[in-house]
Amino acid sequence: MTCGDSYDPECAKALERMFFFIDHELADADVTEIQQHLDDCRPCLLKYDLERTVKALVARSCSEHAPEALRERVLVHIREVHVRLID
Ligand SMILES: [Zn+2]
């Protein structure tokens, strides 16, 4: 299986539910499933880490002046990492 490819159904499924996973809004069975996928799939794990970082940064900077600019900067960083990952 070519994991990390966003067209991979397993990865697509994991990424789709990742936001709920980060927010702890999943049932235990789903949590286990995603956790297992993240253990097996490094690209998804990396995305999960970055997604969590973005969330933390945005949450922390909510009361500050430019959360949008910060978010944009982090998203650019994510894209760079992702591109490097594919290459
Ligand atoms: Zn994956």
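Annotations for the structure displayed:
- Order of His77, His37, His24, His82 under a 10 Å beta carbon neighbour criterion, fewest first: His24, His77, His82, His37
- Take the Cα of Ala12, step 7 Å toward its Cβ, do the same at Val58, and the gap between the two points is 2.3 nm.
- Counting all C-alpha pairs of the stretch 9-86, share separated by more than 13 Å (%): 68 percent
Throughout, read-outs are computed from the coordinates displayed, never taken from laboratory work. Because the structure is predicted, anything quoted here is derived from the model rather than measured. For neighbour counting, all protein chains shown are included, and Cβ atoms are generated from backbone atoms with ideal geometry for every residue, glycine included.
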